[in-house]
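What follows is a set of notes on a single structure, which appears directly below.
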Ligand code: SAH
């Protein structure tokens with residue numbers, strides 16, 4: 001099923017990094033995703049196509065005006081509705097909930113699997129802020145953050161989110177199982193990986209990986225996942241344990257390395 005995405009941005013060309021290059025570009029080239037860009041400038045009310053103005057109350061920085069963004073959001077919503085999708089409006093913002101693999105999995109599920117497919121409308125802010133009345137009007141359903149850091153525009157955070165989302169769509173990665181093996185998919189970090197040659201600067205690949213014994217390899221990799229996660233992200237081990245994602249053998253191994 002095609003995923004409908006509308007992106008509201010003053011710099012739509014930036015998205016070429018995603019749509020033209022790398023593995024995720026396949027989603028666009030193979031029409032697994034249908035993307036339309038809306039430039040708020042096209043919805044500006046004056047002849048100069050002004051989209052920003054000074055902040056009431058003073059202070060540095062410009063604010064994106066309500067009218068051009070409201071116009072763009074409403075046009076995007078109308079397109080989604082015409083296509084039979086229920087639009088969900090996301091404002092990329094450092095004040096939002098954090099982008100996580102869990103968010104990606106849940107969102108992809110709603111976008112693809114609900115009885116009425118959901119379309120995503122993504123607003124990329126610029127300058128100091130967007131006019132608060134866009135929230136007061138109920139035009140924004142969700143705020144989403146790339147992390148506790150401020151960047152100059154919502155385009156890079158939006159690309160980060162879209163890359164994470166689209167690489168999980170069937171037919172985008174070469175091997176469907178690849179995304180399931182990545183960090184976070186089973187609550188743990190990924191295990192270490194090795195490729196040819198077998199010996200590099202006197203360091204050899206762990207024997208078990210060359211053994212061809214699939215069960216032993218799976219157990220070894222699981223233990224490496226536990227080891228890596230315990231040392232880099234002990235909080236994830238705790239969460240996995242609470243969710244009942246660790247087996248008896250997992251717990252035995254953890255006790256051994258502790
Ligand atoms: N004054 C605002 C930040 C504005 S940064 C504040 O302190 O909350 C300009 C734009 O960049 C924002 O409108 C937002 O769309 C985007 N942006 C900045 N940091 C972001 C982040 N961590 N995640 C998502 N979007 C971000």
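Below is a table of values for the structure above.
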read-out	value
Computed lengthening from residue 190 to residue 42, 0.36 nm per intervening residue step minus Cα-Cα distance	48.8 nm
Value of [θ]222 nm, deg cm²/dmol, for the chain, DSSP H segments ≥ 4, -39500 (n - 2.57) each, nearest 500	-11000 deg cm²/dmol
Sequence of 7, 121, 140, 199 once ranked by neighbouring C-beta atoms within 10 Å, starting from the fewest	199, 140, 7, 121
Square roots of five times the Cα gyration tensor eigenvalues for region 107-173, Å	25, 18, 8
14, 159, 1 arranged by Cβ crowding within 10 Å, fewest neighbours leading	1, 14, 159
Diffusion constant of region 42-168 at 20 °C, which comes from Stokes-Einstein with the Kirkwood Cα-pair radius and 1.002 mPa s, µm²/s	137 µm²/s
Relative contact order of the chain, defined on C-alpha pairs under 8 angstrom at six or more residues apart (%)	18 percent
The chain: most fluctuating residue of 150, 169, 35 per GNM, C-alpha cutoff 10 Å	150
Ranking of 115, 214 by count of other Cβ atoms within 10 Å, fewest first	115, 214
Percent breakdown of C-alpha pair distances by 5 Å bin, ordered from the shortest bin, for region 183-257	3, 14, 24, 22, 16, 11, 6, 2, 0
Choice from 157, 197, 87 with maximal GNM fluctuation in the chain (Cα, 10 Å cutoff)	197
Modelled label reach - residue 142, point 7 Å along Cα→Cβ, region 1-27 residues with backbone N closer than 17 Å	3-8
Counting all C-alpha pairs of the chain, share separated by more than 30 Å (%)	42 percent
Most fluctuating residue given options 13, 198, 132, as computed from a GNM of the chain linking Cα atoms under 10 Å	198
Whole-angstrom Cα spans of region 131-244 along principal axes, big to small	63, 33, 30
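Values quoted throughout were computed directly from the atomic coordinates according to the rules given, and no laboratory measurement underlies them. Remember, it's a predicted structure, so these values are computed and weren't measured experimentally. All Cβ positions, even for glycine, are placed from backbone atoms using ideal geometry, and neighbour counts span all protein chains on display.
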